[in-house]
Amino acid sequence: MTYVDATRLASGEAGPDAAAPLSVTAINRLARTRLETAIPLLWVTGEVSNLVRAASGHQYFSLKDAQSAVRCVLFRGRAGNSEVALANGQQVDVRASATLYEPRGEFQLQVDTVRLAGLGARFAALEALRRKLLAEGALDAARKRPLPFMPRAVGIVTSPTGAAIRDLLRMLGERMPGLRVILYPTLVQGEAAPDAIAEAIATAGRRAEVDVLIVGRGGGSIEDLWAFNSERVARALLACPIPTVSAVGHETDTLLSDLVADVRAPTPTAAAALVCPDRRRLIASLEQLWRHLQREMARDDETLCQRLDHLSTRLLSPAQRIEMQSQRLALLRARMGRRWLDEAEARVAQGAAALALLSPARVLKRGYAWVSDAEGRVVRGAGALAEGDALDLHFADGVVPVAVMPPRRSAAT
């Protein structure tokens, strides 16, 4: 038997009056293709019934109203991220795409998101508020304040009877026994909760008796947590002079308070870990730092001792230093003595040379002589002599004694 290709039929190449019939698979595929093309992703509201949670993690259910019902499937990946736990009889809105389950030819909705019915308008208002705060800069990371490392006191805004306060007190007590904790009790759900939460935050800010403020509650449905999406709570967090931590619900819950607070904690227990250091880890860290300090001090001490030993080898006793200075002084004296002697010898040599130039002996060698009387005195002129005086004539090569004779008469007389 010949069958018409469903792809050709969908594209218009084969008309509906074609002689060859379609296979069941082909017609189901054609129907699925036409459905997925014609019907966009949309929101559908109804009551949950016939809910089945398969071992695979997928969830199958019907969505019905007074006149009709439609099969739905919520696959495991989407179900794990859903904020709503499905239950029979629940009124929900689902965002889904229309499709056809080909093996059985069943029309169904493939669900993308589930929310409790009636929250559509509230979510729209919440998104408008988020955009408003974003435009004001209230959600900017730059305005977020750091949490104190070692708070003297921790404040908690939550219900005094809820699970959150028990978890917080237990964790804070384990991490830092004796830490002062102040509870600012408040409603955490219901119509009066937003005003009560905002007033508790304002009270903590006015009293200024804590260093950090945790605002939150335990888990619940999105309706139970909705008070933390209110503008009154957001404005109170923005105005609070104390660094704030939002700890609402479970890790998958994200509320407006999480966006506005200085820090978001996924759970109340995690908030306690954020605001308070673990005493045991602090002690271990201090012990490690002390050991490191001791090692560094010992290393410095060894280095200083080695340096001292090196310097001590260069250190002299006063007696040794005096002896060295005495030797140095003697050396300097010897040097000074040799210098003076050299200078004296030079002066003597210079004087001897000058004296040699003036020496009478040099004159006598040129044929001159000098006269002395009997007493050895130099006779400087003839007028001092008398006849018969004994004289000595001093020549270069010796002395000749002579006597003064009477003057010779000239031949003319």
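Any read-out appearing in this document is the output of simple, stated calculations on the displayed coordinates, not a laboratory observation. All figures in this text were calculated on a predicted structure; none of them were measured in a lab. So basically every Cβ, Gly included, is an ideal-geometry build from the backbone, and we count neighbours across all protein chains shown.
At a temperature of 20 °C and a viscosity of 1.002 mPa s, determine how fast the stretch 363-403 diffuses translationally according to Stokes-Einstein, using the Kirkwood radius over alpha-carbon pairs as Rh; express D in µm²/s, rounded to the nearest whole number. Walk me through the intermediate numbers first.
On the way: Rh = 10.6 Å.
The estimated diffusion coefficient comes to 203 µm²/s.
Our note on the geometry: Cα centres of the stretch 212-261 and the stretch 114-137, 15 Å apart. Sequentially through the stretch 66-82, phi angles give Karplus couplings (6.51, -1.76, 1.60; θ = phi - 60°) of 5, 10, 9, 8, 9, 6, 9, 10, 10, 5, 3, x, 6, 5, x, 9, 6 Hz, Gly and Pro residues having no value and appearing as x. Of the residues Leu74, Gln108, Val92, the one whose Cα sits farthest toward the positive end of the charge dipole of the stretch 6-118, with +1 on the Cβ of Lys and Arg and -1 on the Cβ of Asp and Glu, is Leu74. Springs join every pair of Cα atoms under 10 Å in this Gaussian network model of the chain, and among Leu63, Leu133, Leu357 the largest mean-square fluctuation is at Leu357. Between the helical axis of 193-207 and the longest alpha-carbon principal axis of the chain there is an angle of about 20 degrees.
Once the Cα atoms of helix 318-358 and of the chain are each reduced to a long axis, what angle between those two axes, in degrees from 0 to 90 to the nearest 10, is obtained? So the inclination is approximately 40 degrees.
Where in the stretch 252-270 does the label zone of Glu231 land, with the point 7 angstrom along Cα→C-beta and an amide N cut-off under 17 Å? It comes to 256-257, 260, nothing else.
Which longest run of the chain has no exposed loop site in it, a site being GluC sites (Glu not before Pro) in a DSSP loop with at most 14 other beta carbons within 10 Å, and the site itself not part of the run? Write out the running numbers ahead of the final one.
Values: sites that count: Glu13, Glu191, Glu209, Glu251, Glu375, Glu387.
The answer is 14-190.
Remark: spin-label model distance Leu357-Leu286 equals 9.9 nm, labels positioned 7 Å along the Cα→Cβ axis.
Helix 163-175 and the longest principal axis of the C-alpha atoms of the chain enclose an angle of approximately 20°.
Could you pull out the longest piece of the chain with no exposed loop trypsin sites (Lys or Arg not before Pro) in it, calling a site exposed if DSSP puts it outside H, G, I, E, B and it has at most 13 other Cβ atoms within 10 Å? Provide the component values of the computation, followed by the final result.
Values: sites that count: Arg104, Arg152, Lys365, Arg366, Arg377, Arg380, Arg408, Arg409.
The reported range is 153-364.
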